[in-house]
Amino acid sequence: MNMLTGKIKRDFREYDRVWTVGELRSGFDCLVGDDCSAAGSEFEIRRPRITEAERIPPVRPVALQGWLTGEVSGRGSFPERIERKAVQEEDGVTRYAEFDENEERVRVYGCWRREWEAWSQNLRSKETALALYEEFFNLLTRFENEGENLELVLGEGLLLWNHPDPSIGLIRTPVLSSKLELTFDAVNGVIAAKPVEDLFVFEQEPFMGVTFPHSRQAEELIASIPEVGLGESEEIRRFLKEFVHLIDANGRYSEEKEPGRTTSVPVAYPRKMFLLRSKQSRVIRDDLSQIVGGIRSGSIDLSPAVLSLIGGEVTEQTVSDKLTDDILYFPLPSNEQQKDIVERIGTHFGVTVQGPPGTGKTHTIANLVSHFLAEGKKVLITSQKESPLKVLKNKIPEEIRDLCVPVLGGGRESLQDIEASTRLISEKLGELDPQKLHRSVEQDRDDLLESREREEELVQKLNEYAKEEGTPIEWRNERLTKPEAAKRLAEQTVDAGWIPDRIDLDEGFPLGEVEFRQLWQLKNEIGPEWFRLAEQWLPDPEKDLISQQRLKWLANDRAVLEKELEEARRLISWNDWPADAQSLRTLEDTVRQAVEHLR
């Protein structure tokens with residue numbers, strides 16, 4: 001905490017922006033608290049519609065000509081009337097006339113002034129609402145870009161106290177606060193602020209370094225704050241009264257509409273305000289203050305890992321939940337360094353992994369998270385910004401991503417994501433059959449072990465192939481490496497493309513030494529013209545060639561068919577029949593029909 005050197009803000013006026021209830025309500029159709037149309041909203045800002053006609057002030061009556069101190073140019077100020085002035089009569093005599101002596105003029109002036117004031121108030125209210133709408137619209141953009149460093153809160157219970165300790169000084173702050181988030185209804189043009197959670201928290205920063213005389217009672221009162229609801233005005237008043245009486249003997253509670261002068265006596269007012277402020281070191285300072293207070297009171301037990309960091313006494317760590325089979329459940333590609341991290345985590349309270357951007361830290365964390373989830377462990381992941389957590393969650397395998405409960409930011413959407421994740425986990429737990437799941441896990445575990453054994457075998461073979469790849473080849477009294485031999489072969493002009501290339505890695509050489517020498521000899525005897533035979537079809541003696549007896553039968557059948565063909569030609573010629581096949585078929589059909597007719 002001593003390293004958090006940022007200035008402690010005890011005056012709410014030092015925050016980025018403060019809106020009072022009166023300021024918000026001064027805007028046209030701007031609603032606050034119970035007046036809001038949507039349940040749960042603390043305020044609603046609507047975009048007003050201002051027409052050109054609404055910007056034009058009421059026309060000055062003719063009866064007031066010459067009786068005003070100036071002209072109406074806008075809604076800024078109304079011209080005053082001239083109470084007495086010199087008037088020249090028709091006969092040239094000058095006399096003094098009073099404004100009130102003409103009752104019609106007084107009536108017209110009064111009516112016109114009331115009309116102008118209503119116009120001015122309406123226009124001012126709409127312009128105020130438009131300015132508020134534009135301010136909160138821009139604030140929505142700021143939250144998108146700077147949401148991790150900004151917060152909008154509801155402040156309740158104003159405390160004014162000029163503390164007697166000069167190092168503390170003026171305290172002007174809300175006592176309670178509740179974080180808000182902005183929602184935007186683009187269709188209707190409404191910006192609303194809703195609580196992230198329906199509870200208050202104690203504003204710790206303004207009271208840092210302040211010693212309360214009744215510290216135990218004050219701590220108990222602060223601990224009861226979650227029981228105070230946002231809309232419970234009586235509970236808020238009761239809390240403020242008790243708090244201001246505990247922090248100082250002369251402290252008092254006041255319900256005056258306007259706070260009085262700040263004195264050495266603390267005064268609490270039931271006032272509400274809305275604050276925009278930067279988180280920066282304030283949030284971590286508040287958290288550390290709560291942790292330190294918890295350690296001192298004994299309500300927080302430090303884990304061995306934390307004790308080891310701050311130099312406390314730590315007993316020897318025992319790793320009782322380490323898996324006996326040493327299986328690493330890494331769903332993404334891994335290396336030996338990631339495996340070493342798991343081993344170190346199993347024997348140390350903390351392990352630091354460092355590396356510049358792009359070196360795979362997120363990839364490594366995704367593997368580690370998956371591994372520890374598979375072991376049944378709980379993993380908490382924190383980050384200074386939200387974006388790395390979103391990237392990390394997307395790297396977690398989809399099958400186990402539902403086990404990751406996101407706590408991104410403190411908005412209502414984040415809380416809804418948490419509720420959805422926990423609800424989904426609960427539903428899946430209700431659907432699971434433990435015995436069936438256990439059998440499935442055992443089967444998957446056996447398959448994983450078998451797969452890794454097969455992987456080790458393949459890796460070993462690859463190493464053997466790599467080793468053989470480096471063995472030199474002796475050729476013509478020359479020692480060549482395999483890449484050099486491949487290069488020599490590639491430079492040869494002989495076409496060896498007819499040789500099949502698809503050879504399995506486990507395939508052995510099919511020829512012995514004698515057969516290979518014979519092949520090499522035949523290679524020298526066969527010329528290039530013989531290679532064309534490799535592309536020709538050659539008959540199979542067993543399937544494609546017939547026997548000698550079958551050949552004789554076919555030859556005899558051919559002689560008979562040739563004799564019958566000669567006889568057919570003779571008949572065609574003698575009878576003067578047509579010689580083509582189609583005409584003969586037609587003639588045959590005609591003869592058949594005639595025979596049938598004769599029958």
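When segment 82-93 is filtered for residues that are at pLDDT 80 or above and open to solvent by 90 Å² or more (accessible area, probe 1.4 Å), only Arg84 remains.
Among the conditions (1) without any contact (Cβ under 8 Å) to a residue 12 or more places away in the chain; (2) open to solvent by less than 10 Å² (accessible area, probe 1.4 Å), Glu258 misses just one, which is (2). Per the conditions (1) open to solvent by 60 Å² or more (accessible area, probe 1.4 Å); (2) within 30 Å of Val108 (Cβ to Cβ); (3) basic (Lys, Arg), the sole criterion not satisfied by Arg47 is (2).
Return the residues of segment 69-94 that are among the charged types (D, E, K, R) and either touching a Ser or Thr at 6+ places or on another chain (Cβ under 7 Å) or assigned to a loop (DSSP other than H, G, I, E, B) (or both); say none if nothing qualifies. Listed by number, the residues that qualify are Glu71, Arg75, Glu80, Glu83, Glu89, Glu90, Asp91. In this structure, is Ala129 at pLDDT 90 or above, of a type in the set (Gly, Ala, Ser) and surrounded by 13 or more Cβ atoms within 10 Å (Cβ to Cβ)? Criteria met by Ala129.
The set of residues from segment 450-485 being among the charged types (D, E, K, R) and outside any helix (DSSP H, G or I) comprises Glu474, Arg476, Glu478, Arg479.
Does segment 375-385 contain at least one residue that is on the phi < 0 side of the Ramachandran plot, modelled with pLDDT under 85 and touching a Gly at 6+ places or on another chain (Cβ under 8 Å)? No, segment 375-385 contains no residue that is on the phi < 0 side of the Ramachandran plot, modelled with pLDDT under 85 and touching a Gly at 6+ places or on another chain (Cβ under 8 Å). Residues of segment 147-176 that are under 34 Å from the mean Cα position of the chain (by Cα) and either farther than 19 Å from Glu234 by Cβ or open to solvent by 30 Å² or more (accessible area, probe 1.4 Å) (or both): Gly147, Glu148, Asn149, Leu150, Glu151, Leu152, Val153. Can you list residue pairs whose Cβ atoms sit under 8 Å apart, with the first residue in segment 122-149 being outside any helix (DSSP H, G or I) and the second being hydroxyl-bearing (Ser, Thr, Tyr) and surrounded by 14 or more Cβ atoms within 10 Å (Cβ to Cβ)? Count only pairs 6 or more apart in sequence or on different chains. So the pair list comes out as Asn149/Ser278. Filtered by the rule that a residue be within 30 Å of Val187 (Cα to Cα), open to solvent by 70 Å² or more (accessible area, probe 1.4 Å) and outside any loop (DSSP other than H, G, I, E, B), segment 50-63 gives Ala53, Arg55. The set of residues from segment 415-470 being acidic (Asp, Glu) and within 31 Å of the chain's Cα centre (by Cα) comprises Asp417, Glu419, Glu427, Glu431. The residues of segment 194-209 include none that are more than 38 Å from the chain's Cα centre (by Cα) and surrounded by 15 or more Cβ atoms within 10 Å (Cβ to Cβ). I need the full set of residues from segment 500-529 which are farther than 30 Å from Val459 by Cα and at pLDDT below 75, in order please. Correct list: Gly527, Pro528, Glu529. Of all residues in segment 7-46, exactly one satisfies the criterion of being in contact with a Pro (Cβ under 7 Å, 6 or more places away or on another chain) and in a helix (DSSP H, G or I), namely Phe12.
Among residues of segment 459-473 that are free of Cβ contacts under 8 Å to residues at least 40 places away in the same chain, those with a Cβ under 9 angstrom from a residue that is open to solvent by 70 Å² or more (accessible area, probe 1.4 Å) and assigned to a helix (DSSP H, G or I), sequence gap 6+ or separate chain, pair up as Glu469/Pro483; Pro472/Glu484; Ile473/Glu484. Taking Ala186, is it farther than 25 Å from Glu386 by Cα, surrounded by fewer than 15 Cβ atoms within 10 Å (Cβ to Cβ), under 36 Å from the mean Cα position of the chain (by Cα) and among the hydrophobic types (A, V, I, L, M, F, W, C)? So Ala186 passes the test.
Taking Ile396 and the conditions (1) more than 29 Å from Lys279 (Cα to Cα); (2) at pLDDT 85 or above; (3) open to solvent by 100 Å² or more (accessible area, probe 1.4 Å), which numbered condition does it fall short on, given that it satisfies the others? For Ile396, the exception is condition (3). Applying a threshold of 9 Å to beta carbon distances and a minimum spacing of six or more residues, or different chains, the list of pairs starting in segment 229-245 at a residue that is charged (D, E, K, R) and ending at one that is in a helix (DSSP H, G or I) and open to solvent by 80 Å² or more (accessible area, probe 1.4 Å) reads Glu235/Glu227; Glu242/Gln217. Would you tally the residues in segment 352-379 being under 17 Å from Ile425 (Cβ atoms) and among the hydroxyl-bearing types (Ser, Thr, Tyr)? Looking only at that region, the number is 1. Of all the criteria given as (1) closer than 30 Å to Asn188 by Cα; (2) part of a loop (DSSP other than H, G, I, E, B), the one not satisfied by Gly66 is (1). With respect to the conditions (1) of a type in the set (Lys, Arg); (2) surrounded by 11 or more Cβ atoms within 10 Å (Cβ to Cβ); (3) more than 30 Å from Trp530 (Cα to Cα), Arg488 lacks only one, and its number is (3).
The values are calculated or read from the model by the stated rules, or taken from the named source; none is laboratory data. This one's a predicted model, so the numbers in the text were calculated from it and none came from an experiment. FYI the Cβ positions are ideal-geometry reconstructions off the backbone, even for glycines, and counts take in every protein chain you see. Ligands, DNA and RNA are stripped out before the accessible areas are found, and what is left, the full protein with its side chains, is counted by its heavy atoms. Shrake-Rupley method; radii C 1.70, N 1.55, O 1.52, S 1.80 Å.
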